[in-house]
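For reference, the structure discussed in these notes is given below.
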Amino acid sequence: MASTVKSDVHTYGTYINGEWSRSASGKTFPVLDPSIEEVIAYVDESDSVDVDRAVQAARTAFDSGAWPQTTAQERGRILFRLADKVRQNAAMLAEIEARNGGKPIVEAEGDIRAVATVFEYYGGLATKISGQVNPVPANALSLALREPVGVAGQIIPWNYPLLMAAWKLGPALAAGCTCVLKPAEQTPLSALELANWFKDVGLPDGVVNIVNGFGKTCGEALVAHPLVDKIAFTGSTAVGKSIVKSAADTLKRVTLELGGKSPNIFFAEADWEAAVDGALFGIFINQGEVCSAGSRILVEKKIYSKFVEAMTEKAKRITLGAPLDRKTKMGPLISQEQYDRVTSFLEIGKKEAKVAIGGNRPMQFNKGYYVEPTIFYDVENSARIAREEIFGPVASVISFEDEADAIRIANDTPYGLAAAVWTRDIYKALRVVKAVRAGIIWVNHMQPTCVEAPWGGYKQSGIGRELGPWGVEEYLETKQVYVNLDEQPIGWY
Ligand code: ADP
Ligand code: MG
C-alpha cells in the first residue's frame, strides 16, 4: 500500500455544516481499488475533534436551524430530488462502487437503482408519519405525537456502501432527524459524492454531515458523544456489542444490523434447476460479502450427493474478473484484512470438511484480493465454518434427514438474520417459515430485498428493523399530550 500522497489522486475532505473542510489533524488515509491494490483516492481522516464539530452542526440544525421548520412535504421533496440526482449520475456512482468495492459493475448498477428507490420510498413516507388520538376516559383530549429522535449517528459497512448510506439517511430524514454519517474506511467515496448534491437538493446546512475514519478513532467518538441521541449501526457482531456497551453510558437509542450464518434449506422435491441456482446465488452474490449470505446450505439426504455435484458443476461457470468488466460475476474481496480472514477460514475448512470446489487463491490473478468460490461439503454444524461468519464466497454444505432435522440445524446458531427454504410443498414451506428463528425468510429464492419490507435480525444478528415503515419507527419518539377539556378547577385543595 502506498504511504505517500500521490499528487494525481483526488483528496476528499470532510463534509460538515454544508461545507467541505479539512480534518483537524491534517491526516488523510488512502482508499484502494481492491482488484489492483492501488490507491484511487485519499480521504481526510476524522478523529474526535472533527466528530465533535459534525455533531455540534447536526445538533444546531436539529434544535434551532432550518430543519425543525421544514415541513414533511419539503423533507419528502428533498428526498425525491436526491433520488433524481442519484439516477442522473447512476453510471458514475456505479463505477465508484465497482472500483472501490470490488463488486461486479452489473451488481453495482443494481445497487445504485436501489439507492434511488430507497430515497423515493422515504420521500413518500415523510408525509405519512402521523400520531393518534387516544380514547382516554377523562374529559380530555389525549394525543400521541410522533417526533424525530434527534441527532442520529450512523455507522455503515463497506459491502453496499451507498445503499447502506441510503438505508440510514432515507428514514432519518423522513422522520426529521439530523445525521452524522460515518462510512466504512474502505469505501467512503460514493457517500462523499452524494454530499456534493446536498445543497442543490435543498438540504439545509448541518442536516447531514459526513465524517470519515477508523472505528477506534472516529466511530467510537460518535458512539460516545453525549449530544448524539441515537446510533444506527450495520457491521460485525463484535463491534455491535461494543457499541451497545459504550452507548449505555448516555442511554442512546441503538439499532444494529449485524452478522449472520443464514441457512439455505433444500428439500428433495424442490425445483431442481432453480434450487441449484439459488444455492449458488445465495452465497456467491457480492463475493459472499453479504450479511444475509446463505452460507449454510442444508440439503436433504436423499438428494445430497447429486446436489453437491450439480452445485459444483455450475460453480465452475462463475467468472472471476475485473469489477468493471461486464462479464464478471465475482470480483475481489474488499481488503487485505478480509482476504486474510477468508483464506484463514479456507485452511480451517480444509481440516474440518471436504472441498468440492475452490479453496485457494485463483491462479490467473497476480494482484487483487481474489479468492475462488469455495464449496465445502460433509460439514458438521458444529464446525467453525458452519458457526462463524466468514463474509466471503465460502459455502458449507450440511446434510439433513427430514424436516425436523432441518429446522433443528437451521436454528442451531447464535445468529438469526435470514433463512431460505426451497420446496414445492406449501405445507412444509410454511411450517419451516414459522419454525425458523430469523428476521427474514425467503421461500424458493434467496436475497431479494425490497424497501417496502422489514429487514433485521433475531438473536445476535441485531436489534431493530430497517426499511419500510419499520425503518422510520426507529427514528421516532412518541410524545403523549393530555389536553384538559374541563374548565373547572381541580378542586383538590
Ligand atoms: P468489518 O469486520 O468488516 O471491519 P466492522 O464492524 O469492523 O466490520 O465495521 C463496520 C463499521 O463500523 C465501519 O464503518 C467501521 O469503521 C466501524 N467501526 C469499527 N469498529 C468500531 C467501533 N469500535 N466503534 C464504532 N464504529 C466502529
Ligand atoms: Mg473492522
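Counting only residues that are in contact (Cβ under 8 Å) with a residue 24 or more places away in the chain and either open to solvent by 10 Å² or more (accessible area, probe 1.4 Å) or in contact with a Phe, Trp or Tyr (Cβ under 8 Å, 6 or more places away or on another chain) (or both), the range 398-413 holds 10 of them. Taken across the range 175-186, residues that are over 23 Å from V115 (Cβ atoms), among the hydrophobic types (A, V, I, L, M, F, W, C) and away from ligand 1 (no atom under 11 Å from the Cβ) do not occur at all. Residues in the range 248-268 that are open to solvent by less than 50 Å² (accessible area, probe 1.4 Å) and in a loop (DSSP other than H, G, I, E, B) were compared, and the one that is farthest from ligand 2 (Cβ to nearest atom) is A268. Of note, P171 satisfies the criterion of being more than 16 Å from ligand 2 (Cβ to nearest atom) and not assigned by TED's automatic domain parsing to the domain that holds E337.
Of all residues in the range 67-109, those being out of contact with any Pro (no Cβ under 8 Å at 6 or more places or on another chain) and open to solvent by 20 Å² or more (accessible area, probe 1.4 Å) number 23. Filtering the range 110-142 to residues that are without any contact (Cβ under 8 Å) to a residue 60 or more places away in the chain and surrounded by 19 or more Cβ atoms within 10 Å (Cβ to Cβ) leaves D111, I112, V115, A116, F119, E120, G123, A126. Surrounded by fewer than 23 Cβ atoms within 10 Å (Cβ to Cβ), touching a Gly at 6+ places or on another chain (Cβ under 7 Å), at pLDDT 95 or above and not aliphatic (A, V, I, L, M), is that true of K199? Judged against the criteria, K199 is a match.
Residues checked against (1) in contact with a strand residue (DSSP E or B) (Cβ under 6 Å, 6 or more places away or on another chain); (2) within 16 Å of ligand 2 (Cβ to nearest atom); (3) not in a helix (DSSP H, G or I):
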{"site": "S246", "(1), (2), (3)": "no, yes, no"}
{"site": "A270", "(1), (2), (3)": "yes, no, yes"}
{"site": "A274", "(1), (2), (3)": "no, no, no"}
{"site": "D277", "(1), (2), (3)": "no, no, no"}
{"site": "I285", "(1), (2), (3)": "no, no, no"}
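Answer with yes or no whether A395 is in contact (Cβ under 8 Å) with a residue 60 or more places away in the chain, in the same structural domain as F307 (by TED's automatic domain parsing) and closer than 21 Å to I303 by Cβ. Judged against the criteria, A395 is a match.
Does the range 146-167 contain at least one residue that is surrounded by fewer than 17 Cβ atoms within 10 Å (Cβ to Cβ) and either away from ligand 2 (no atom under 16 Å from the Cβ) or in contact (Cβ under 8 Å) with a residue 12 or more places away in the chain (or both)?
yes
Answer yes or no: is there a residue in the range 323-336 that is within 15 Å of ligand 1 (Cβ to nearest atom), open to solvent by 60 Å² or more (accessible area, probe 1.4 Å), outside the structural domain of E107 (by TED's automatic domain parsing) and among the charged types (D, E, K, R). Within the range 323-336, none of the residues are within 15 Å of ligand 1 (Cβ to nearest atom), open to solvent by 60 Å² or more (accessible area, probe 1.4 Å), outside the structural domain of E107 (by TED's automatic domain parsing) and among the charged types (D, E, K, R). The set of residues from the range 196-235 being without any contact (Cβ under 8 Å) to a residue 24 or more places away in the chain and within 16 Å of ligand 2 (Cβ to nearest atom) comprises just one member, K216.
Could you list, in sequence order, the residues of the range 208-243 that are open to solvent by 40 Å² or more (accessible area, probe 1.4 Å) and either of a type in the set (D, E) or within 11 Å of ligand 1 (Cβ to nearest atom) (or both)?
If the condition is that a residue be open to solvent by 40 Å² or more (accessible area, probe 1.4 Å) and either of a type in the set (D, E) or within 11 Å of ligand 1 (Cβ to nearest atom) (or both), then F214, K216, T217, E220, A224, D229, S236, A238, V239, K241, S242 are the ones that fit.
The values are calculated or read from the model by the stated rules, or taken from the named source; none is laboratory data. As the structure is a computational prediction, the values presented were derived from the model and not from experiment. Note: ideal-geometry Cβ built from the backbone for every residue, glycine included; neighbour counts use all protein chains shown. These accessible areas exclude ligands, DNA and RNA; they are computed on the full protein's heavy atoms, side chains included. Shrake-Rupley method; radii C 1.70, N 1.55, O 1.52, S 1.80 Å.
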